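Engineer: Once you've had a glance at the structure underneath, I'll fire off some questions.
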Amino acid sequence: MPLSFNKTKLKKGFLRYMALFAGLFIVGNGIVLTIHANLGVNPWDVLHIGISNQTGISIGRVIQAIGLLLVAISYFFKVRIYIGTVLNMIFLGLFVDLIIEWSYIPQPDLLWQRIMLYLVGVIVFGFGVAIYISANLGAGPRDSLMLALTKASAYRIGTIRTFMEITTAAIGFFLGGPLGIGTLIFALTIGFFMELGFAIIKKIKTTTSYGLIWHGYKKQARGL
C-alpha cells in the first residue's frame, strides 16, 4: 500500500518548526545583547555565566547542560517532555555560542549606549519567546521544571517561579555571574515585551498574507 502524505499537515508542521527555530535564534540574540550591554543579565543567565566563568565552558554549552539537567528533573516528576522542549535545550545554547562567535553584536563603552543595547536585548528576547511559544511544540526546560516543582509541592506556579528566579540569580551571583541593575530591569519589563510580542503575532495571523501561507487560500487565520 503506497504511503500517503497530508500536504497541509506537512506544511503546517514545517512552519511550526520554522517558528520554533526562528524564535530560539531571536532569543539567543536577546541573550547576547544583554550580555554585551554589561549591566546585568536575567537570573538564568547570571547562573549560566557564573558557571562558565568558573569552568571555562562556553556559555552556550552551559545553557545546554543546565537545560538537560532541568529536563531530567522534570521527567523524574513525570512532567511530559515535548519535542520543542528538547530542541530548546539543544539549540538555544548552540545559537548563543554561534552569535558570540560571529561577533556582529557590538560591545559599547558609553553608558547610554549600553542602556539602549540592553533595552533592545530585552525586547528581542521577549519577542523571540513569543514566537517559539506560538509554535505550540512544547515548553522550554525551565518552564518544565516549574511545572515539575508545582506538581511536587503545594505552592502556586507564581510562587514557584519567583523562588526559581531568586535562587538561580543568587547561585549565579556567588559563582561570579553578572547580577546588576539589568537583572531588575529584565524582571520588571520582560512580561510586558512578551505580551507585546504575542499581540504582534496575533495581528499578523489576521492578515491575508498569513492566511495564504498557513491555509493556502484567502481566509482570515484563526491562529496556530
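Read the figures in this text as sums done on the coordinates, not as results from a lab. Because the structure is a prediction, the values reported are computed rather than measured. Glycine gets a Cβ as well: all are built from the backbone with ideal geometry, and neighbour counts include every protein chain shown.
Engineer: Is the C-alpha gyration tensor of the range 1-114 telling us rounded, prolate or oblate? Criteria: a/c under 1.5 is rounded; beyond that, a/b larger than b/c is prolate, otherwise oblate.
Structural biologist: Here the range 1-114 falls in the oblate category.
Engineer: If we count every other residue with Cβ under 15 angstrom of A130's Cβ, Lys/Arg +1 and Asp/Glu -1, where does the sum land?
Structural biologist: +2
Engineer: On a 0 to 90° scale, report how tilted helix 7-37 is relative to the longest principal axis of the chain, with both axes built from alpha carbons and the result rounded to the nearest 10.
Structural biologist: 20 degrees
Engineer: Now a separate question. When the Karplus curve 6.51 cos²θ - 1.76 cosθ + 1.60 is applied with θ = phi - 60°, which whole-Hz ³J(HN,Hα) does each residue of the range 86-94 get, with x for Gly and Pro?
Structural biologist: 5, 5, 4, 4, 7, 8, 4, x, 4
Engineer: Go through the range 147-159 residue by residue and turn each phi into a ³J(HN,Hα) via Karplus (6.51, -1.76, 1.60, θ = phi - 60°); whole Hz please, and just put x for glycine and proline.
Structural biologist: With the stated coefficients, the range 147-159 comes to 5, 5, 5, 5, 5, 8, 10, 9, 9, 6, 4, x, 5 Hz.
Engineer: Moving on to the next point. Given the options Q107, Q64, Q54, state which has the largest fluctuation in a GNM of the chain using a 10 Å cut-off (strictly under) for Cα springs.
Structural biologist: Among Q107, Q64, Q54, the largest GNM mean-square fluctuation belongs to Q54.
Engineer: Something else now. For the chain, state the average projected area of the convex hull of the C-alpha atoms over all orientations, rounded to one decimal in nm².
Structural biologist: 15.3 nm²
Engineer: I need to check one value: relative contact order of the chain, counting alpha carbon pairs closer than 8 Å and at least 6 residues apart, in percent.
Structural biologist: The value is 34 percent.
Engineer: Could I ask something else about it? Quote the charge dipole size of the range 7-215 about the Cα centre in Debye, to the nearest 20; the model charges only the Cβ of Lys and Arg (+1) and of Asp and Glu (-1).
Structural biologist: Taking the Cα centre of the range 7-215 as origin, the dipole is about 1080 debye.
Engineer: Does the range 22-65 come out rounded, prolate or oblate by the C-alpha gyration tensor, with a ≥ b ≥ c the root eigenvalues, rounded set by a/c under 1.5 and, if not, prolate when a/b is larger than b/c and oblate if not?
Structural biologist: Since a/c reaches 1.5 but b/c is at least a/b, the shape of the range 22-65 is classed as oblate.
Engineer: Turning to a different aspect of this structure: Are any of the pairs K9/K203; K151/K203; K78/K202; K9/K202; K9/K205 more than 27 Å apart by Cα-Cα distance, and if so, which?
Structural biologist: K151/K203; K78/K202
Engineer: Using only the alpha carbons of the range 38-84, what is the convex hull's orientation-averaged projected area in square nanometres?
Structural biologist: Result: 4.1 nm².
Engineer: Find, among the trypsin sites (Lys or Arg not before Pro) in the range 51-110, those assigned to loop by DSSP (not H, G, I, E, B) with at most 10 other beta-carbon atoms within 10 angstrom.
Structural biologist: K78
Engineer: Is the C-alpha gyration tensor of the range 95-224 telling us rounded, prolate or oblate? Criteria: a/c under 1.5 is rounded; beyond that, a/b larger than b/c is prolate, otherwise oblate.
Structural biologist: oblate
Engineer: Report the residue, chosen from P141, P106, P43, that carries the largest GNM mean-square fluctuation when the chain is represented by alpha-carbon nodes joined by springs under 10 Å.
Structural biologist: Ranking P141, P106, P43 by mean-square fluctuation puts P106 first.
Engineer: Efficiency by 1/(1 + (r/R0)^6): what FRET value for R156 and R80, r their Cβ-Cβ distance, R0 = 30 Å, to the nearest 0.05?
Structural biologist: It comes to 0.90.
Engineer: Evaluate the distance, in nm, between pseudo-label points positioned 7 Å from the Cα of F163 and of T8 along their respective Cα→Cβ axes.
Structural biologist: 4.6 nm
Engineer: Using the number of other C-beta atoms within 10 angstrom as an exposure proxy, rank Y17, Y132 with the fewest first.
Structural biologist: Y17, Y132
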